[in-house]
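Let me begin by presenting the structure, written as structure tokens, before commenting on it.
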Amino acid sequence: MPGLMILTGMVASANNHFRIESLPGVVRQGEVYPISVLGPPSLKSIYAEFQGVTFPLDFSEPKGAYEGLIGIDMDTQPSTYEMKIARKDEGSNVPLARVSLKVEKTDFGIQILSLPSAMVDLDRKTMERVHQEEKKVNGLFRRFREERLWRGAFILPVEGELSGAFGFRRIINGQRRSPHTGVDLRAKEGTPVLASNSGIVVLVEAFFFSGKSVILDHGQGFFSMYFHLSEALVEEGERVDKGALLGRVGSTGRATGPHLHWGIRMNGARVDPLSLLKIKTYPEYLFQQ
Ligand SMILES: [Zn+2]
């Protein structure tokens, strides 16, 4: 889709074979930003750095470009940021370029929910359990595989209707609660839930809020999460291909009916999984297998 590709900047570097090609330098809160850097294959270990977080770029032979995805957390302040492109060279970081990336505000909206008070007003023991579960998941996110396991476009894990959008600020039983960090896809109990991309199963467990949960590590800091399953059909440590059967839709944990909660983390950034799917509409642009 060449019309969508514009040159956002030339590099202030002695190497004039190197330039940054990207979609317009604008992204919204909670979206994924694809970046492409044209340059000779010899550069190796190129990465983009946004707000102190690094996102590796991989060389794509047919394009002659280094490509990668940058996750913009839902709470990133709308502003224009400087993004660094650099290369790791024997332990030191060699800056190659700086480009500006404008983050625009997303209107996430508000969701007002009424839930049984047992699911909202937690006793001390349950609070402690929830706290431990959060700690465990955050620990997993810090120990990701460096190797890129994901390939090509991400896919929708379940054929279902969108019943809960990403980013809703939630008011539950009249009280402000944490925002919704994934999307809810309504589907019949038992509907197959598929791996949205290739990766390693790093968690299969029943949690208080998310019910029966599966988390995949896709490498390079990317994770996908599948919550409220009626059953999980994979085991921790298992390697799965994109489209593999992970489990079935259910309503375990805090859920008002059968649905899949699908979440994505990209190097800590909470992004809208649906924004990841949109990237496949740029077929020439990124990630030919
Ligand atoms: Zn949800």
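The numbers here are math on the coordinates, done by the rules we state, and not lab data. What you see is a predicted model; the values in this text were computed from it and never measured. Using ideal geometry, Cβ is built from the backbone for each residue, glycine included, and neighbour counts are taken over all protein chains shown.
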Rg(Cα)/(2.2 N^0.38 Å) for the chain, N = residue count: 1.05
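What is the packing order of peptides 163-169, 256-262, taking the mean over residues of other C-beta atoms within 10 Å and listing the highest first?
On the way: 163-169: 18.0, 256-262: 20.9.
Highest mean packing first, the order is 256-262, 163-169.
Please state, as a whole number in µm²/s, the translational diffusion coefficient that the Stokes-Einstein equation yields for segment 151-207 at 20 °C and 1.002 mPa s, with Rh defined as the Kirkwood radius across alpha carbon pairs.
Details: Rh = 13.8 Å.
Roughly 155 µm²/s, to the nearest whole number.
Can you give the FRET efficiency for V130 and L38, using 1/(1 + (r/R0)^6), R0 = 45 Å, r = Cβ-Cβ distance, to the nearest 0.05?
Numbers: r = 47 Å, r/R0 = 1.04.
That gives a FRET efficiency of 0.45.
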Percent RCO, i.e. relative contact order, over the chain, from Cα pairs under 8 Å lying at least 6 residues apart: 17
Quick one: dipole size for the chain, taken about the Cα centre, charges +1 on Lys/Arg Cβ and -1 on Asp/Glu Cβ, in debye to the nearest 20. 420
Simple label model, 7 Å out from Cα along Cβ direction - D121 to K102, nm: 4.8
Label-to-label distance, nm, for residues given as E238 and I112 (7 Å Cα→Cβ offset): 4.3
Once the dipole of the chain is set up from charges on Cβ (+1 Lys and Arg, -1 Asp and Glu), the residue from the list M225, V37, G109 lying farthest towards its positive end is G109
Any idea which of Q175, G243, G152 is furthest toward the positive side of the dipole for segment 148-259, if Lys and Arg beta-carbons carry +1 and Asp and Glu beta-carbons -1? Q175
For T191, distant residues with modelled amide H under 5 Å away: V249
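Note down the relative contact order for segment 144-211 as a percent, whole number, built from C-alpha pairs under 8 angstrom at least six residues apart.
Numbers: 71 pairs, mean separation 25.0, N = 68.
Result for segment 144-211 is 37 percent.
Let me know the volume per residue of the alpha-carbon convex hull for segment 61-147, in Å³.
Details: hull volume 18.9 nm³, N = 87.
About 217 Å³ per residue, rounded to a whole number.
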Full extension from L277 to L162: what is 0.36 nm times the residue separation minus their Cα-Cα distance, to one decimal in nm? 40.0 nm
Which entries of K102/K136; K44/K84; K84/K278; K105/K136; K188/K242 have Cα-Cα distances beyond 26 Å here? K102/K136; K105/K136
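To the nearest 20 debye, what is the magnitude of the charge dipole of segment 80-162 about its Cα centre, counting +1 on the Cβ of each Lys and Arg and -1 on the Cβ of each Asp and Glu? Working shown, then result.
Numbers: 16 positive and 14 negative charges, 94 e Å.
Here segment 80-162 has a charge dipole of around 460 debye.
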Pull up the cross-link candidates among the aspartates and glutamates for K88, meaning alpha carbon to alpha carbon under 19 Å and not fewer than 8 places away within one chain. E49, D58, E67, E146, E147
Cut-off 13 Å, label 7 Å out along Cα→Cβ of E146, residues of segment 64-104 by amide N: 88-92
Once you keep just the Cα pairs under 8 angstrom separated by 6 or more residues, what percentage relative contact order results for segment 175-222? 27
Toward the positive end of the charge dipole of the chain, about the Cα centre and with charges on Cβ (Lys, Arg +1; Asp, Glu -1), which of H259, Q77, V26 goes farthest? Q77
What is the helix-to-structure angle for 124-142, meaning the angle in degrees between its Cα long axis and the longest Cα principal axis of the chain, kept from 0 to 90 and rounded to the nearest 10? 20
Antiparallel as a % of all DSSP beta bridges within the chain, to the nearest 5? 90
